[in-house]
Amino acid sequence: MTKKLLSEIPVLKGDRITLKALTADDAGALREFTQNEDIYRMLPTFLFEKKYDSAEYVISRLYDECIKQSLILGVFLGGSFCGLAEIYGYRAVLSKASAGYRLLPQYWGQGIATEALGLMVKYVLEETDVNYLTASTMLENRASAKVLKKNGFKQVAHALPENWGFKFPVLTDKWLRTAEGHRRPYRFQT
Ligand SMILES: CC(C)(COP(=O)(O)OP(=O)(O)OC[C@H]1O[C@@H](n2cnc3c(N)ncnc32)[C@H](O)[C@@H]1OP(=O)(O)O)[C@@H](O)C(=O)NCCC(=O)NCCS
């Protein structure tokens, strides 16, 4: 039987990486992460890990407050924290959720985001009640677009203006991956 998304905190193991809950021990690494502006240049300004100043407090609220809307897992390579993977925008009635990922720059270019998204796709579309996984990228984020394409996402909208919390709307591309064997077309909603 399929699980309801957000009803559990899964541990997702890949060939090289593991996606799992952050613990208090990760506070130092999360603090370094959230302070790195290079990571957040092409991301919305309102991500949960930035909601509170204290990284310890953010972690303490991830799996009670945040989990009501969004599942944020740490991405670990050989035990080291290298970034965050997020499943958000869950709409049970539409059988839809969205995926996001962000890594420390020293881990870019090694296929880690591709592997992290692959684990999220497998978990969400094979083990939960979600049949449609979507993603949004800023137009200029070619690396992220590549990560999505390598995981079988198709572009379903181009250059849509959205409020990501910056002074001006940003232009975004929208991406979709549908569960294997699920035939009903997704009704894309802005
Ligand atoms: C986007 C991000 C997650 C990619 O992570 P990553 O682990 O480096 O991604 P991968 O190595 O799995 O794949 C990236 C692909 O994009 C390619 N790429 C990297 N920069 C690129 C660029 N400027 N233009 C085109 N392709 C690019 C890489 O060559 C690679 O493709 P390849 O496997 O064919 O060589 C990472 O750069 C990041 O955390 N950025 C900041 C946060 C962010 O933008 N998150 C996504 C928001 S939608």
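Observations, loosely collected:
- Filtered residues of the range 129-163 (kept if part of a loop (DSSP other than H, G, I, E, B) and in contact with a strand residue (DSSP E or B) (Cβ under 6 Å, 6 or more places away or on another chain)): V130, L139, G152, F153
- Every pair of residues 6+ apart whose Cβ atoms lie under 7 Å, when the first sits in the range 164-180 and is outside any loop (DSSP other than H, G, I, E, B) while the second is surrounded by fewer than 19 Cβ atoms within 10 Å (Cβ to Cβ) and of a type in the set (D, E, K, R): V170/E162; T172/E162; W175/K154; L176/K154
- A residue that is in contact with a Lys or Arg (Cβ under 7 Å, 6 or more places away or on another chain), surrounded by 11 or more Cβ atoms within 10 Å (Cβ to Cβ) and free of Cβ contacts under 8 Å to residues at least 40 places away in the same chain occurs somewhere in the range 26-37.
- Count of the range 127-144 residues, restricted to those that are within 13 Å of the ligand (Cβ to nearest atom) and crowded, with 17+ Cβ neighbours inside 10 Å, is 7.
- Within the range 19-73, helices (runs of 4 or more DSSP H) holding 3 or more residues that are within 25 Å of V170 (Cα to Cα): 37-40
- Pairs with Cβ under 9 Å, 6+ apart, first in the range 143-157 and over 22 Å from Y40 (Cβ atoms) and in contact (Cβ under 8 Å) with a residue 24 or more places away in the chain, second in a loop (DSSP other than H, G, I, E, B) and near the ligand (Cβ under 8 Å from one of its atoms): K150/G111
- The number of residues in the range 1-18 that are in a loop (DSSP other than H, G, I, E, B), more than 18 Å from the chain's Cα centre (by Cα), touching a residue at least 12 places away in the same chain (Cβ under 8 Å) and closer than 22 Å to V130 by Cβ comes to 1.
- Test: residue in the range 105-115 that is within 15 Å of the ligand (Cβ to nearest atom), among the acidic types (D, E) and in a helix (DSSP H, G or I): yes
- K150 more than 11 Å from the ligand (Cβ to nearest atom) and basic (K, R): no
- Within the option set V147, V156, V124, being at pLDDT 95 or above, among the hydrophobic types (A, V, I, L, M, F, W, C), buried (at least 19 other Cβ atoms within 10 Å of the Cβ) and more than 25 Å from Q35 (Cβ to Cβ) holds for one residue only, V124.
The values are calculated or read from the model by the stated rules, or taken from the named source; none is laboratory data. The structure presented is a predicted model; accordingly, all values stated were derived computationally and were not measured. Ideal geometry is used to build each Cβ from the backbone, glycine not excepted, and the neighbour counts take in all protein chains shown.
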